[in-house]
Every structure is written in structure tokens, then in C-alpha cells.
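Worksheet: one structure, shown below.
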């Protein structure tokens, strides 16, 4: 998505340790107009998939998910990170390692809000090793819900999360795909402007 | 707001320990159409305030904040709960006690994203004792930003957070105000349908 790639080039900051800071528009300060256009693009990509629910994970996926759900006219459900491992019978749960915080999170979702009738579009801000995405797919599988695909804002193609999830047969659409990045040399996209 | 009050009466569940469960439409599964109408109502209430930024706190405020920001055509910034007390120079920080989780959180906000030029509308899902709201106001004061007001989905009027914050001179608009609630007797609103 040209608009997102341009925004990343203009405002994103590549930091040591493979960190791309985009918190000026994506996940701390949120550019709602941009998020809305990203949502419209996900709708274009998945318009034939009869999506019944958008699934994301707190906290940084929620904004993109909401602005996407508006175009699909469906509800959003977000999986919650739970400090405790006391999981009740009422929730699906899975484990997701956070590379940002360096810890393992229990991630839970009320059974009420995801069922075998659902056709789910999973939305998240980043795809790198695919830890969060795999966890969200696991929750859908536990519920017997169909994953129609994943919608990602920024994928790091030089990490293998996207490849692994596509090899499992899931459709993954990323609006900006980073081939490589470096604090000195900057960012190279896989397909510069489609 | 009639629509929200009706939704609370129809789908909200009053649980022992003064808990109102509205996670079927407000803060786990999110009814985006309802959130969008709530956003439109906040816009009606604050249309003269020349809001430049919506401020909320992760995670459950983010959805409402995004759907509100759309109507104001301004960005959202959300304060982050930080497990660590290693606060850098780049952030404003405050302490917020979570009654849901029974712990104290450091809450941080990048200095870049809130400045003395901002006129801020603070959005959150619940107002009870006012811990989160006071923390968010504190962050605005640290930034020298003007708080034009607060927009709350559900206020518990029998707790004193709303009264205290209004007494400090802040405008607080709550779309549903609960006078009292009880697992047996149900919910009574302060102004049933305005």
C-alpha cells in the first residue's frame, strides 16, 4: 500500500536491534485517517471472504482492527494478555512470547465471542516471527472458527513468520513488506508501491 | 444516550463485587456500529471545543477513542501501562491503580505526542473512583496540554470519581450514568433516556 510505505519512509525510525519505530502513526499516536484507509484496503483484499468477525490482540492491534471492522460492518474481538495462568473454563487460551517485552504471555479469549460459525479476519500491526499471529490462529482453531486470512500492517519479510504461516495454508496480506532495514541504510520494501 | 442505556439493560450483566460486565459490546467484543454512534455523540457534545487530540489508556479505551477520533478528524494517543518503573526521559509518567487487576501500573506517554499546543478530549470506557481519568489528566498537566473535557461510556455515579473530577473544574460527559446496581434488582440510570 503506497500510502503506508510512504508514511513509513517519511516517519518511521530504524533503531538498533531490528526495531522499526512507527509509534508516531501506528501504535502509540494513531493516525486515524491512515488507519481508516488501511481498513478500506483490507476490505478490498478480503471482500469475497464473508468475514463475520475481526480478531486482534491487545493493545496495538485494536485501533487498526476497529477501523477495519467499520468497512466490514462486523464486530471486533481482541485477545487479552493475562498475567495469571489461572485460566477459567470460559476462555480459550494460548501462549505468546513477546519479543518487545521479553516475556511469555497467556493470551485469552472468552468462548462466548468466537464460535464455529465465525469466519475470522485476523488483524495485527506487525508480523515478524509470527508469535502473535500463530497464537491468534490457535485461538480460532480451538473455537472451530474458520480463519479466512490475516491482515498485517507491516511484515518483516526477512524473518520467517509470514513464510511459515503461509506454508500452513493461511492467506496473509501485508500492506507494507520490508525486505531489509538498517539504521544507516534505511528501509527496502519487497514490492515498492503496488 | 438512549441506545447505550438500552444496550446495557439488554446485554450488561451485574456481578457480585460491583462488577458490570459489558464485554459483549464494549471492551472485549466491540460493537463497532455502537462505538461509532458513541463517537458521534461525543462529537456533538464537544463540537465547540476545537479538540486537537483524543487521549485514552490501553487497552479497553482504544476502540471507543478511535471511533470517536474519526468524527473529530484528529489523532488518538493512548497511554501505555508499563510493568517497569524504569521511566525514560522521553515520556510523561503517572501511577494508576487498577481495581480490576488489584495492582499499581506505571502509565507512560511519549513526550513527542502530547504538547502544550494540544486541546485534549480524554476518552475511557468506565468512570468509577476516577483512578485512570486522574492519571490521564495528570499526563496532560505534565505536558501543559489543555484538557477540554472527558468523554466516558459508563459512569458509576454512586462512586465519587466523577464528582471529584468535576469539582476540580473539568467537564465530564458520560453517555450512561448508573445511579445504582445490584445482581438481584438490576441497574438504575441517573437520567433514564435523555
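Out of all the residues in the range B:140-185, which are under 18 Å from residue B:111 (Cα atoms) and assigned to a loop (DSSP other than H, G, I, E, B)? Show your work before the answer.
Taking the range B:140-185 first, the residues under 18 Å from residue B:111 (Cα atoms) are B:140-147.
Residues satisfying the conditions are B:144, B:145.
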Per the filter on the range B:1-12, residues touching a residue at least 40 places away in the same chain (Cβ under 8 Å) and within 26 Å of residue B:72 (Cα to Cα) are B:1, B:2, B:4, B:5, B:8
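Yes/no matrix, rows are residues, columns are (1) more than 27 Å from residue B:18 (Cα to Cα); (2) under 19 Å from the mean Cα position of the chain (by Cα); (3) more than 10 Å from chain A (Cβ to nearest Cβ); (4) surrounded by fewer than 16 Cβ atoms within 10 Å (Cβ to Cβ):
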position	(1), (2), (3), (4)
B:73	yes, yes, no, yes
B:79	no, yes, no, no
B:97	no, yes, yes, yes
B:106	no, yes, yes, no
It is to be established whether one or more residues within the range A:59-71 are at pLDDT 95 or above, surrounded by fewer than 24 Cβ atoms within 10 Å (Cβ to Cβ), outside any loop (DSSP other than H, G, I, E, B) and within 7 Å of chain B (Cβ to nearest Cβ). yes
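Residue B:136: buried (at least 19 other Cβ atoms within 10 Å of the Cβ), over 21 Å from residue B:12 (Cβ atoms) and touching a strand residue (DSSP E or B) at 6+ places or on another chain (Cβ under 9 Å), yes or no? Don't jump to the end; show me each part of the working.
Values: buried (at least 19 other Cβ atoms within 10 Å of the Cβ): yes; over 21 Å from residue B:12 (Cβ atoms): yes; touching a strand residue (DSSP E or B) at 6+ places or on another chain (Cβ under 9 Å): yes.
For residue B:136, the condition - buried (at least 19 other Cβ atoms within 10 Å of the Cβ), over 21 Å from residue B:12 (Cβ atoms) and touching a strand residue (DSSP E or B) at 6+ places or on another chain (Cβ under 9 Å) - is met.
Does at least one position in the range B:143-151 carry a residue that is more than 26 Å from residue B:41 (Cα to Cα) and either exposed (fewer than 15 other Cβ atoms within 10 Å of the Cβ) or modelled with pLDDT of 95 or more (or both)? Spell out how you get there, then give the answer.
First pass over the range B:143-151, keeping only residues more than 26 Å from residue B:41 (Cα to Cα): B:143-144.
Subsequent filtering for residues that are either exposed (fewer than 15 other Cβ atoms within 10 Å of the Cβ) or modelled with pLDDT of 95 or more (or both) retains B:143-144.
Scanning the range B:143-151 turns up at least one residue that is more than 26 Å from residue B:41 (Cα to Cα) and either exposed (fewer than 15 other Cβ atoms within 10 Å of the Cβ) or modelled with pLDDT of 95 or more (or both).
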Filtering the range A:114-139 down to residues that are closer than 16 Å to residue A:65 by Cα, touching a residue at least 60 places away in the same chain (Cβ under 8 Å) and assigned to a helix (DSSP H, G or I) yields A:132, A:136
Every residue in the range A:13-54 that is in contact (Cβ under 8 Å) with a residue 40 or more places away in the chain, within 14 Å of chain B (Cβ to nearest Cβ), in a loop (DSSP other than H, G, I, E, B) and under 24 Å from residue A:159 (Cα atoms), please. A:22, A:26, A:27
Selection within the range B:124-133 - more than 20 Å from residue B:91 (Cα to Cα) and crowded, with 19+ Cβ neighbours inside 10 Å: B:124, B:125, B:126, B:127, B:128, B:130
Considering (1) at pLDDT 95 or above; (2) touching a strand residue (DSSP E or B) at 6+ places or on another chain (Cβ under 9 Å); (3) in a loop (DSSP other than H, G, I, E, B), say which one residue B:7 fails and leave the rest. (3)
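The values are calculated or read from the model by the stated rules, or taken from the named source; none is laboratory data. All values derive from a computational prediction rather than experimental measurement. Here Cβ is always computed from backbone atoms with ideal geometry, including for glycine, and neighbour counts include all displayed protein chains.
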